[in-house]
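The values are calculated or read from the model by the stated rules, or taken from the named source; none is laboratory data. This one's a predicted model, so the numbers in the text were calculated from it and none came from an experiment. Methodologically, a virtual Cβ is constructed for each residue, glycine included, from the backbone with ideal geometry; neighbour enumeration extends over all protein chains shown. Heavy atoms of the whole protein, side chains included, go into the accessibility calculation; ligands, DNA and RNA do not. Shrake-Rupley method; radii C 1.70, N 1.55, O 1.52, S 1.80 Å.
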Amino acid sequence: MAKRIGILGGGQLGRMLALAGYPLGLEFRILEDAAESPAGQVAPLVSGPLDQNLVLDRFAEGLDCVTFEFENVLVKAVEHLSGRLPVHPGPLGLAKSQDRLVEKELFRSLGILTAPFAPVNSATELEQAAESIGLPAILKTRRFGYDGKGQVRIDGASGVSLAWEKLGGHPLILEGLVPFDREMSQVSARSTNGEICHYPLVQNIHKKGILHKTIAPAPGIGPEHPLSHASQKAMEKVMQTLGYVGVLAIEWFQVGDALVANEMAPRVHNTGHWTMDGAQTSQFENHLRAILGWPLGSTEVTRPTVMLNLVGDYRTAKEWLAQPGVKLHLYGKSPRKGRKLGHVNVIGNTAEEASERAYAVMDWLVE
Ligand code: AMP
């Protein structure tokens, strides 16, 4: 009988997971608050609140395995479901990555570099933290921040009270500003039987806090580069410590010849979307293989790729498809400012070709 996978969350990541799983003979069921969602367009949807055990139980009926596609899933919901059927990733990895402070403490305990940081729960603690860490620094909410939301940069002493006015009242973390050369990320998968595979390091460029572009592989970083080894070793430590199963992403700052961890995401990741057209096995397929304990697929790069996010609005499909080397992935969402509506993977036979083709469509991007 076909394996039936439940996905908590109905966004584009759930949609792309389902689309990757159908050729493998898998079936899907989505649980989502909203009645309409990108994943609900491609798989049966149970619409209801994810914090009610009755809803979770009804959803889990007849499923073989559950996963999730956003990291703010309630840990309690994952714990509840774990009592009935396999849920991957498990509650530990989820809980650690929901709190920036806990996450940084985990990195530090494993010898992985981070920005200097301190917890902040009052205006006085913020002043003390600014003093000890030094400015500039970034004040962030410990939980529920994404795409640059819930954070304020403090450039000088006069900005301290302003930052407190904006974010005070939430549990916070102050982080020293990392003078990075560039941002990169590591996307890897670990299966239920401990097998691990790594995609190459990729370079990421953000605009207004939202991922704008991923260059895969990261220019100048071959498989034998010391940073590739360092990134994979750090990833393995985190995965093994957490007993992690599924795809995990770690976002890095490159500072000279060192990697400094920014954060991790316990799910398929926007900086792994290039794998749909540029790697032998996509991150979505490898996530499904991992949670089912199936053999992981090759992560070999088949074509250098530049991934561009379509944010806010996009040209028509027909226009994109007329461009050489453009692979279009739309999420079935209506346009709205700041909203991720899809992405294009611009592929080339060489990195130069992919980058030239991406450059040719750069002014098509609205935001
Ligand atoms: P985050 O939500 O933590 O991923 O932050 C969004 C973006 O802000 C990152 O991709 C970086 O470009 C920037 N950023 C966040 N934290 C730091 C930091 N400690 N030092 C320098 N830049 C940062």
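Evaluation of residue 78 against the conditions (1) at pLDDT 95 or above; (2) under 17 Å from the mean Cα position of the chain (by Cα) shows that the sole unmet condition is (2).
Residue count for segment 305-340, restricted to those that are open to solvent by less than 30 Å² (accessible area, probe 1.4 Å), on the phi < 0 side of the Ramachandran plot and assigned to a loop (DSSP other than H, G, I, E, B): 1.
Looking only at residues that are among the hydrophobic types (A, V, I, L, M, F, W, C) and within 22 Å of residue 262 (Cα to Cα) in segment 143-159, which one is nearest to the chain's Cα centre (by Cα)? Step through it out loud before you land on a result.
Step one: of segment 143-159, the residues among the hydrophobic types (A, V, I, L, M, F, W, C) are 144, 152, 154, 157.
This time we only want the ones that are within 22 Å of residue 262 (Cα to Cα), so: 144, 152, 154.
Details: 144: 14, 152: 21, 154: 26 Å.
So the residue we want is 144.
Looking across segment 160-177, the residues that are surrounded by fewer than 18 Cβ atoms within 10 Å (Cβ to Cβ) and either among the basic types (Lys, Arg) or under 22 Å from the mean Cα position of the chain (by Cα) (or both) come down to 166, 177. Please tell me if residue 297 is at positive phi, modelled with pLDDT of 95 or more and either crowded, with 19+ Cβ neighbours inside 10 Å or over 13 Å from the mean Cα position of the chain (by Cα) (or both). It is false that residue 297 is at positive phi, modelled with pLDDT of 95 or more and either crowded, with 19+ Cβ neighbours inside 10 Å or over 13 Å from the mean Cα position of the chain (by Cα) (or both). Of the residues making up segment 161-185, those that are outside any helix (DSSP H, G or I) and within 14 Å of the ligand (Cβ to nearest atom) number 14. Suppose we filter segment 235-275 for residues that are open to solvent by 10 Å² or more (accessible area, probe 1.4 Å), in a helix (DSSP H, G or I) and either touching a Lys or Arg at 6+ places or on another chain (Cβ under 7 Å) or small (Gly, Ala, Ser) (or both); how many remain? Going through segment 235-275 one residue at a time, the tally reaches 1.
Step by step: first the residues of segment 1-27, then only those that are more than 21 Å from the chain's Cα centre (by Cα) and assigned to a strand (DSSP E or B), then the one that is nearest to residue 331 (Cα to Cα). Which residue is that? Steps first, please.
Taking segment 1-27 and keeping what is more than 21 Å from the chain's Cα centre (by Cα), we get 1-4, 22-27.
Now drop any that are not assigned to a strand (DSSP E or B), which leaves 4, 27.
On the way: 4: 22, 27: 19 Å.
That would be 27.
Residues in segment 120-141: is at least one surrounded by fewer than 16 Cβ atoms within 10 Å (Cβ to Cβ) and in contact with a Lys or Arg (Cβ under 9 Å, 6 or more places away or on another chain)? Yes, there is a match, as at least one residue in segment 120-141 is surrounded by fewer than 16 Cβ atoms within 10 Å (Cβ to Cβ) and in contact with a Lys or Arg (Cβ under 9 Å, 6 or more places away or on another chain).
Name the residue, out of 43, 60, 39, that is among the hydrophobic types (A, V, I, L, M, F, W, C), under 26 Å from residue 264 (Cβ atoms) and in contact with a Lys or Arg (Cβ under 7 Å, 6 or more places away or on another chain).
On the way: 43 fails: under 26 Å from residue 264 (Cβ atoms); 60 fails: under 26 Å from residue 264 (Cβ atoms).
The match here is 39.
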